[in-house]
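Data first, discussion second: the structure below is written as structure tokens.
Nothing in this text is a laboratory measurement; each read-out follows from the coordinates by a stated rule. Predicted model, so just to flag it, every value in this text is computed and none were measured. Cβ placement follows ideal geometry from the backbone for every residue including glycine, while neighbour counts extend to all protein chains displayed.
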Amino acid sequence: MSQTALLSDQIRRAFEGEAWHGDPLAKILRGITAARAAARPIKNAHSIWELVLHVTAWDDVVRRRLDGAAVRLSGKQNFPPVKDTSEGAWRKAVENLKQVHSELVKAVAAFPDSRLQDQVPGKAQKYHDFYYMISGIVQHELYHAGQIAILKKA
């Protein structure tokens, strides 16, 4: 199996399941209402909704960088504000996350192993190659899944 196939599988497992760490992000998000997603049970912490938008933004950044774009996010793009707290808007945010995540999994699976050591566009650090970025997005997803799990229980 290729390295990118293995990495793609790890990204999928973090979101969809079959990983040894525990519940994947998609399962953690089940049953969360818009009101719960928008709530701030921990002072000065991001809401579940903000974290979902943040994970979506970074999954998209990684996908776009795989295509050669030198993407940088502004503060509002990094943690987009929640403007509409309706159930419909929440469902749309979760569906958008699922779609963007699916596109990322496919993009990583199609990425050539021969390019994993290439520098990511727009990154000055020599260590920031595609392998580093792709494995990092797995870590990013799991980190925020843990935060969401805690917020869901708070």
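Report yes if Pro112 is more than 25 Å from Ser135 (Cβ to Cβ), touching a helix residue (DSSP H, G or I) at 6+ places or on another chain (Cβ under 8 Å), surrounded by fewer than 14 Cβ atoms within 10 Å (Cβ to Cβ) and not aliphatic (A, V, I, L, M), otherwise no. First the steps, then the outcome.
Working: more than 25 Å from Ser135 (Cβ to Cβ): no; touching a helix residue (DSSP H, G or I) at 6+ places or on another chain (Cβ under 8 Å): yes; surrounded by fewer than 14 Cβ atoms within 10 Å (Cβ to Cβ): yes; not aliphatic (A, V, I, L, M): yes.
It is false that Pro112 is more than 25 Å from Ser135 (Cβ to Cβ), touching a helix residue (DSSP H, G or I) at 6+ places or on another chain (Cβ under 8 Å), surrounded by fewer than 14 Cβ atoms within 10 Å (Cβ to Cβ) and not aliphatic (A, V, I, L, M).
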Exercise. If you go through segment 47-65 one residue at a time, do you hit one that is exposed (fewer than 14 other Cβ atoms within 10 Å of the Cβ), within 21 Å of Ala145 (Cα to Cα), within 14 Å of the chain's Cα centre (by Cα) and free of Cβ contacts under 8 Å to residues at least 40 places away in the same chain?
Worked result: no
Seminar exercise, completed: Of the residues in segment 6-55, those that are in contact with a helix residue (DSSP H, G or I) (Cβ under 6 Å, 6 or more places away or on another chain) and of a type in the set (Gly, Ala, Ser) come to Ser8, Ala14, Ala19, Ala26, Ala34, Ala37, Ala38, Ser47
Exercise. Any idea how many residues of segment 115-137 are polar (S, T, N, Q), over 14 Å from the mean Cα position of the chain (by Cα) and surrounded by 13 or more Cβ atoms within 10 Å (Cβ to Cβ)?
Worked result: 1
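Being farther than 27 Å from Leu29 by Cβ, of a type outside the set (Phe, Trp, Tyr) and touching an Asp or Glu at 6+ places or on another chain (Cβ under 7 Å) narrows it down to one residue among Asp118, Asp113; which is it? Spell out how you get there, then give the answer.
Working: Asp113 fails: touching an Asp or Glu at 6+ places or on another chain (Cβ under 7 Å).
Going through Asp118, Asp113 in turn, the sole match is Asp118.
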